[in-house]
Amino acid sequence: MIAIYAIAYAATAVVFFGLDFVWLSTISTNFYRSRIGILLLDQPNLGVAGLFYLVYVAGIVHLAVTPAVNGASWATALVNGALLGLVAYGTYDMTNLATLKNWSVSVSVVDMIWGIALTATAATCGYFFTAWMLAKAG
């Protein structure tokens, strides 16, 4: 059972980290800087970011991938992943809108859409890889 979780975690993490790296390092850089640049650090705190990634991927596996594997349904991974993305990214973005002077509505909207898409994609890919490995193992 632990091996299944490890496979699910690794597969989900690779997809999540890979997509978010591309998003943050190329696609969205100018978007965020132009809207909330005054709030951003010159260099992100990689230790804290890493901790977030480790914990969040564990949440994706527990709340989206594992129920999908147990029910043999990729749709469960997709929907649960999307809901988790909405809740997690929505909490961050709506809290910032409620508490920060220079936070941008457009950043919240784009970031929440990204969180939904990213989490749903990572969960679904994590499910497919884990299900494939389980089928291969017999």
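Side notes on the structure shown:
- Of the residues making up segment 90-115, those that are polar (S, T, N, Q) and in contact (Cβ under 8 Å) with a residue 24 or more places away in the chain are ASN102, SER104, SER106.
- Listed by first and then second residue, the pairs with beta-carbon distance under 8 Å, at least 6 apart or on different chains, first residue in segment 1-20 and closer than 13 Å to HIS62 by Cα and among the aromatic types (Phe, Trp, Tyr), second surrounded by fewer than 16 Cβ atoms within 10 Å (Cβ to Cβ) and at pLDDT 95 or above, are TYR9/ALA58.
- Search result, residues across segment 1-34 that are of a type in the set (Ser, Thr, Tyr) and closer than 30 Å to ALA137 by Cβ: TYR5, TYR9, THR12
- Among the candidates VAL87, VAL110, VAL57, VAL69, residue that is out of contact with any helix residue (DSSP H, G or I) (no Cβ under 8 Å at 6 or more places or on another chain), among the β-branched types (Val, Ile, Thr) and modelled with pLDDT of 95 or more: VAL87
- Which listed residue, of THR76, THR95, is at pLDDT 95 or above and within 20 Å of SER28 (Cβ to Cβ): THR95
- Pairs linking a residue in segment 58-86 that is under 11 Å from THR130 (Cβ atoms) to a residue that is among the aromatic types (Phe, Trp, Tyr) and buried (at least 24 other Cβ atoms within 10 Å of the Cβ), with Cβ atoms under 6 Å and 6 or more positions apart or on different chains, are VAL65/TYR127; ALA68/TYR127; TRP74/TYR127; ALA77/TYR127.
- Selection within segment 24-75 - farther than 18 Å from MET112 by Cα and charged (D, E, K, R): ASP42
The values are calculated or read from the model by the stated rules, or taken from the named source; none is laboratory data. Bear in mind that the values here come from a model prediction, so they are computed numbers and not experimental data. A quick note on method: Cβ atoms are made from the backbone with ideal geometry, for glycine too, and the neighbour counts reach across all protein chains shown.
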